[in-house]
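Bear in mind that the values in this text are calculations on the coordinates, not laboratory data. Only a predicted model underlies this, so the values are computations on that prediction, with no experimental measurement involved. When we count neighbours, we look across all protein chains shown, and the Cβ atoms used for this are built from the backbone with ideal geometry, even at glycine.
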Amino acid sequence: MKRSIMVAPAALLASCFAVAAGAQTATATLAPTAGNTAAGTVTFTQKGDKVTVNAKVSGLTPGGHGFHVHEKGDCSAPDAMSAGGHFNPTGMPHGDPGAADHHAGDMPMLQADASGNATVSVELGVITVGSGPTDIVGKSVIVHKDADDYKTQPTGNSGARVACGVITKS
């Protein structure tokens, strides 16, 4: 009896590590568009029905910057227009990611400090990593020059694209 009691916690602990090890993760390395200096990394980790997004970006002007997943994994154009529009497989209007109606690719705004650095860590419920119609692997992440007003369709009036990175599975 003592042996089975000791084995059960060990089996439970091993299964917890197996779940953590099986988490789907994707990363985008942001590079500046022509004439800009913004760069950084964005990591997406699937945790159950949510995706944790961790971003660290430097080289921005102080203040707010639109931050979105875009429909194409193509940052080849000097202005990153090759990334297409916002990722929107559900056909929703652009909006605040905290509201019921918004593009799957709408994320919280980046807020750059006086030195031009921004970080964000947030959980999102619409996107997925690795499967399904809202899978972001193979899409791109765009950082915009201006703040997102979360109202103007279809882009939030966020201005030019200052950084772009293709999302790849880690």
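In terms of Cα atoms, the Rg and Dmax of the chain work out to 18.3, 70 Å.
Candidate cross-link partners of Lys139 among the aspartates and glutamates, defined by an alpha-carbon separation under 14 Å and a same-chain spacing of 8 or more, comprise Glu71, Asp74, Asp106. Taking the fewest neighbouring Cβ atoms within 10 Å as the starting point, the ordered list for Glu71, Glu123 is Glu123, Glu71. Enter the angle in degrees (range 0 to 90, nearest 10) between the Cα long axis of helix 2-21 and the first principal axis of the Cα atoms of the chain, meaning the one along which they spread out most. Here the helix axis deviates by roughly 20 degrees. Spin-label model, Met92/Asp149: points 7 Å from Cα along the beta carbon direction are separated by 2.1 nm. Under a 10 Å cutoff between Cα atoms, tell me which one of Thr29, Thr52, Thr152 has the largest fluctuation in the Gaussian network model of the chain. Of Thr29, Thr52, Thr152, the Gaussian network model singles out Thr152 as fluctuating most.
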